[in-house]
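> So that we are looking at the same thing, I have put the structure below in structure tokens.
Computed from the coordinates by the stated procedures, all read-outs in this text should not be read as laboratory data. Note that the structure is predicted; figures quoted are calculated from it, not measured. Note that we place each Cβ from the backbone using ideal geometry, even for glycine, and neighbour counts take in every protein chain shown.
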Amino acid sequence: MDDVVQAQTGTPPVRGAEIAVDGLAKHYGSLKAVDEFAINIRSGEFLALLGPSGSGKSTILMMLAGFEVPTAGRILIDGVDCTRLPPQKRNIGMVFQHYSLFPHMTVADNVAFPLKMRGVGRTERRRRAAEALKVVRLDGYGARMPSQLSGGQRQRVALARAIVYEPRLLLMDEPLSALDKNLREEMQLEIKRLHHELGITVVFVTHDQGEALTMADRVAILRGGKLQQLSPARELYERPANLFAAGFIGEMNMIPAQWDGAALTLGTGERMVPPTGAVVGTVGQGAVTLAIRPERLTVCDPVTPDALQATLREVVYAGAGTLLIAALPDGTEIRARVASASLPPALTEGETIGLSCPPEAMLVYGEEAAA
Amino acid sequence: MSLQDFFRPDGRHLSRGGILLLMAPFFMLIAFAFLYPLISLLSLSVTEPTAGFDNYARILDNPVYGKVLLRTLWTALLVAITSLLLAFPVAMAMVSSSGPVAMLIGACILLPFWSSVLVRTAAWAVLLQRNGLINEAMQWFGITSEPIRLLYTQGAVVVAMTHVLMPFMVLPIYGALRNIPEDYGRAALICGAGPLRVFTEVTFPLALPGVLGGFILVFLTALGYFITPALLGSPQDMMIATLISQQLREFLDWPFAAALVGVLTLFVTAITLAFSKIFRFDRMMGGQV
């Protein structure tokens with residue numbers, strides 16, 4: 001392959017790869033690990049594949065890398081069909097969950113390894129490895145062995161090894177899950193910075209929604225091998241496409257209700273008229289779910305019109321914010337996260353309170369969306 | 001000592017006394033059945049028939065003994081190398097297979113242990129004899145026109161000893177290969193290494209501790225091997241174990257046999273020390289894989 005040894009154009013950012021995935025499927029016997037998955041990833045985009053374990057996110061990454069051959073579908077990288085191309089010919093960078101540094105090589109040899117495989121000369125290799133180590137802020141660590149580094153440092157080395165040959169696509173398979181919380185946050189920023197500096201396209205697999213929302217331009221939510229929603233972080237949080245996405249990302253109050261085409265009837269007969277924008281997708285008459293984020297609720301007088309009446313069960317004070325756990329008359333639990341300063345001073349458990357939310361915070365999902 | 005003293009306060013590790021207690025029967029067996037006979041034998045070599053190193057001088061004086069020693073080292077080396085060449089692919093196959101296939105390979109490796117070495121050696125004698133299966137097959141295929149001598153050659157000894165000792169090579173290599181995380185191979189591939197380079201740059205170097213362990217085990221066992229060379233080798237191509245046995249049983253020359261044992265022990269010790277140096281060096285390089 002000609003493009004394996006990439007032309008050194010000098011200054012980054014390189015243009016990231018464009019990826020088109022169409023009808024991708026991976027079946028293991030009767031199990032459909034990935035089913036009819038399609039996505040277009042823009043050049044330089046940071047895409048997160050988010051889902052619980054078994055959702056197919058890792059299988060998709062394995063197929064992008066070339067470790068798994070799809071049962072059906074196509075993967076185009078920059079317009080070139082790579083579906084059946086072996087991984088060593090794809091010119092992709094990859095960071096693995098457990099770093100996967102070669103323990104018998106020094107840090108510098110690890111980072112220079114991809115260059116060695118591409119036939120780059122020894123001095124040039126050393127120079128570029130040192131440069132890549134500088135990019136991940138591990139200047140001068142080249143002579144050490146991986147076993148002498150901390151987890152965070154090892155992951156930086158893995159990152160340096162993945163970018164040293166200036167690939168246009170970087171795959172990351174839950175790269176931060178083995179790190180502790182502080183280090184993870186630091187590395188999130190570090191990876192964001194690198195993405196920005198290098199202009200490389202990144203596909204990042206995670207089961208941590210906070211990580212996906214923080215880092216990615218767009219997030220793809222997967223469940224049972226199927227794409228549930230593909231949107232920018234903010235839209236994903238504020239307007240989940242279906243009940244699964246609504247429940248998977250962040251906290252969500254799910255209130256069962258009846259829908260007659262214009263108004264909602266809650267369990268004990270209260271009627272509410274949500275704004276037209278509140279209905280997500282097409283919702284038929286009958287049983288629906290009213291979804292409201294806990295932080296969109298505010299406490300008000302129980303007799304306020306349109307307020308939900310609820311019995312306060314628990315008040316969990318946590319400094320700046322307070323979590324209120326209450327029950328609607330039909331027993332449905334409802335949670336509100338409110339600023340502690342906005343609360344009336346004497347709230348007692350067992351008391352009846354009113355909960356109200358701005359109309360645009362209401363989302364109505366039909367039953368079929370729960371499938 | 002109460003049971004409490006057996007453990008360290010953490011409850012999971014043994015106290016020093018506990019370790020000693022566990023090892024005591026084994027130490028006693030070693031001292032009684034190995035160290036004592038070895039020391040008394042070696043002392044025989046420097047006290048009989050006269051005090052001094054006369055017996056060792058005899059080994060040096062007659063080039064025949066040096067030749068036997070060299071042949072023994074060479075044969076053991078051949079056996080170890082052949083075992084390695086045969087065992088590595090088997091270990092690779094074991095690591096990358098699962099379920100019934102893995103069980104089948106494992107059974108093939110362990111099956112020889114269910115029959116005695118004598119039976120396996122005798123089987124080779126049957127195969128290699130003048131009108132045995134191998135000679136007949138070679139004539140049938142037209143490779144040879146008449147039966148050739150296969151039995152009672154160094155080749156027969158190497159082949160049969162490789163067969164007997166190969167499991168000791170497979171198991172440590174298998175252990176080392178199995179400890180290499182799957183992601184290492186993937187990481188090497190995505191870095192641009194083809195399958196062959198994944199092997200030479202990552203898999204083999206990381207399997208080296210297992211290779212060295214298997215190699216030393218097979219080599220040292222082959223050095224002192226008796227039955228197979230005695231049954232399948234020629235008297236002209238004698239190995240040291242056969243020589244020692246001859247000195248003991250035919251010439252009843254215990255002091256000289258003891259000196260030969262001393263030389264063999266010296267070689268085994270030196271080689272073990274050399275290998276363990278390499279081992280430690282390797283551990284320093286690789287950390288824990």
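> Using only Cα atoms, what Kirkwood radius does region A:86-186 have, in angstroms?
Values: mean 1/r = 0.0737 Å⁻¹.
One over the average 1/r among Cα pairs gives 13.6 Å for region A:86-186.
> Filter the chymotrypsin sites (Phe, Trp or Tyr not before Pro) in region B:139-169 to those in DSSP coil with at most 16 other Cβ atoms within 10 Å of their Cβ, and list the result. Don't jump to the answer; show the numbers that get you there.
Numbers: sites: B:Trp140, B:Phe141, B:Tyr152, B:Phe168; in loops: B:Phe141, B:Tyr152.
Qualifying residues, ordered by number: B:Phe141.
> I need the peptides A:50-56, B:37-43 ranked by packing, meaning the mean over residues of other C-beta atoms within 10 angstrom, with the highest value on top.
Values: A:50-56: 19.6, B:37-43: 13.0.
Most protected by this proxy first, the peptides run A:50-56, B:37-43.
> Can you tell me which of A:169-181, B:96-108 comes out highest on packing, and rank the rest after it, using the mean Cβ neighbours within 10 Å?
On the way: A:169-181: 19.9, B:96-108: 11.9.
Result, highest mean Cβ count within 10 Å first: A:169-181, B:96-108.
> On a C-alpha basis, how far is the centre of region B:201-240 from the centre of region B:75-135 in Å? Whole number, if you could?
14 Å
> Please name whichever of A:Ser342, A:Ala220, A:Gly140 sits farthest to the positive end of the charge dipole of chain A, dipole taken about the Cα centre and charges placed at Cβ: Lys and Arg +1, Asp and Glu -1.
So the residue we want is A:Gly140.
> Now for a separate question. What is chain B by shape, rounded, prolate or oblate, if you read a ≥ b ≥ c off the alpha carbon gyration tensor as root eigenvalues and call it rounded for a/c under 1.5, prolate for a/b larger than b/c, and oblate otherwise? Kindly include the intermediate steps, with their values, before the conclusion.
Values: a/c = 1.92, a/b = 1.09, b/c = 1.76.
Here chain B falls in the oblate category.
> Note down the net charge around B:Thr144, summing +1 for each Lys or Arg and -1 for each Asp or Glu among other residues with Cβ under 13 Å from its Cβ.
Details: positive: B:Arg130, B:Arg149; negative: B:Glu136, B:Glu146.
Once all neighbours under 13 Å are counted, the net charge is 0.
> Calculate the mean, over all residues of peptide A:110-117, of how many other protein chain Cβ atoms lie within 10 angstrom of the residue's Cβ. Don't jump to the answer; show the numbers that get you there.
Working: counts 2, 0, 0, 8, 6, 2, 5, 9.
Averaged over the peptide's residues, the number is 4.
> Next up: Run the numbers for A:Val69 and A:Ser30: contour at 0.36 nm per residue of separation, minus the present Cα-Cα distance, in nm. Show your work: numbers first, answer last.
Values: separation 39, 0.36 × 39 = 14.04 nm, distance 1.64 nm.
Stretched out fully, the A:Val69 to A:Ser30 stretch lengthens by 12.4 nm.
> For peptide A:96-103, how many partner chain Cβ atoms fall within 10 Å of a residue's Cβ, on average?
Details: counts 7, 1, 4, 3, 10, 2, 10, 11.
Shielding by partners across A:96-103 averages 6.
> In peptide B:178-187, how many Cβ atoms from other protein chains are near each Cβ within 10 Å, on average? Can you show the working numbers first?
Numbers: counts 0, 0, 1, 5, 3, 8, 6, 2, 9, 15.
The mean count of partner-chain Cβ atoms within 10 Å per residue comes to 5.
> Something else: What nm value, rounded to one decimal, do you get for the distance between B:Leu85 and A:Leu323 when each label is placed 7 Å out toward the C-beta?
Label at B:Leu85, label at A:Leu323, 6.8 nm between them.
> Using a Förster distance of 30 Å, how high is the FRET efficiency between A:Glu333 and A:Glu238, based on the Cβ-Cβ distance and rounded to 0.05?
Values: r = 22 Å, r/R0 = 0.74.
That gives a FRET efficiency of 0.85.
> For B:Phe267, B:Phe7, B:Phe251, what's the fewest-to-most ordering of other Cβ within 10 Å of each Cβ? Can you show the working numbers first?
Values: B:Phe267 18, B:Phe7 14, B:Phe251 10.
The order, fewest Cβ neighbours first, is B:Phe251, B:Phe7, B:Phe267.
> OK, next. Consider a paramagnetic label point 7 Å from the Cα of B:Thr47 along Cα→Cβ; state which residues of region B:236-278 have an amide N under 19 Å from it.
It comes to B:253-263, nothing else.
> Exposure proxy check: A:Lys57, A:Lys26, A:Lys116, A:Lys89 ranked by fewest other beta carbons within 10 Å? Write out the running numbers ahead of the final one.
Values: A:Lys57 27, A:Lys26 22, A:Lys116 18, A:Lys89 15.
Ranking A:Lys57, A:Lys26, A:Lys116, A:Lys89 by Cβ neighbours within 10 Å, fewest first, gives A:Lys89, A:Lys116, A:Lys26, A:Lys57.
> Have a look at B:Val218, B:Val158, B:Val95 and tell me which one the Gaussian network model of chain B (Cα, springs below 10 Å) gives the largest fluctuation.
Of B:Val218, B:Val158, B:Val95, the Gaussian network model singles out B:Val95 as fluctuating most.
> Okay, next question. So how far apart, in nm, are the two label points at A:Thr265 and B:Ile271 if each is 7 Å from Cα heading toward Cβ?
So the two model labels end up 9.2 nm from each other.
> Which residues make up the longest stretch of chain B clear of trypsin sites (Lys or Arg not before Pro) that lie in a DSSP loop with no more than 13 other Cβ atoms within 10 Å, not counting the sites? Could the numbers behind the result be given before it?
Values: sites that count: B:Arg12, B:Arg130, B:Arg149.
That gives B:150-289 as the longest site-free run.
> Could you compute the FRET efficiency for B:Thr221 and A:Glu185, with r as their C-beta to C-beta distance and R0 at 56 Å, rounded to 0.05? All intermediate terms of the calculation are to be shown ahead of the outcome.
Details: r = 56 Å, r/R0 = 0.99.
Working from the Cβ atoms, E equals 0.50.
> Here is a follow-up. Given the options B:Gly11, B:Gly155, B:Gly175, state which has the largest fluctuation in a GNM of chain B using a 10 Å cut-off (strictly under) for Cα springs.
B:Gly11
> Work out the charge dipole of region B:58-286 with +1 on the Cβ of Lys and Arg and -1 on the Cβ of Asp and Glu about the Cα centre, then indicate which of B:Leu110, B:Asn62, B:Leu266 is farthest towards its positive end.
The residue sitting most towards the positive pole is B:Leu266.
> So which residue, out of B:Leu165, B:Leu266, B:Leu133, gets the largest mean-square fluctuation from a GNM of chain B using Cα contacts under 10 Å as springs?
Greatest mean-square fluctuation among the candidates belongs to B:Leu133.
> Restricting to lysine pairs 8 or more places apart or on different chains, what number in the protein assembly as shown have Cα atoms under 12 Å apart? Walk me through the numbers on the way to the answer.
On the way: A:Lys26/A:Lys57; A:Lys26/A:Lys226; A:Lys32/A:Lys226; A:Lys57/A:Lys226.
For the protein assembly as shown, qualifying lysine pairs total 4.
> Once you have the Kirkwood Rh of region A:2-238 from its Cα pairs, apply Stokes-Einstein at 10 °C and 1.306 mPa s and quote D in µm²/s.
Values: Rh = 18.1 Å.
Roughly 88 µm²/s, to the nearest whole number.
> Ok, one more. Using a simple charge model, +1 on the beta-carbon of Lys and Arg, -1 on the beta-carbon of Asp and Glu, nothing else, what dipole does region B:58-286 show about its Cα centre, in debye to the nearest 20? Spell out each step's value before the answer.
Working: 13 positive and 10 negative charges, 47 e Å.
About 220 debye.
> Another one. Enumerate the whole-percent occupancy of each 10 Å bin, from 0 to the last occupied one, for all C-alpha pair distances of region A:253-370.
P(r) over region A:253-370, rounded to whole percents: 14, 47, 29, 10, 0.
> If you rank B:Cys191, A:Cys357 by fewest surrounding Cβ atoms within 10 Å, what's the result? Walk me through the numbers on the way to the answer.
Working: B:Cys191 29, A:Cys357 19.
Ordered from fewest to most neighbouring Cβ atoms within 10 Å, B:Cys191, A:Cys357 come out as A:Cys357, B:Cys191.
> Here's another thing I want to ask about it. Compute the relative contact order of chain A as a whole-number percentage, counting only Cα pairs closer than 8 Å that sit 6 or more residues apart in sequence. Walk me through the numbers on the way to the answer.
Values: 785 pairs, mean separation 59.2, N = 371.
Value for chain A: 16 percent.
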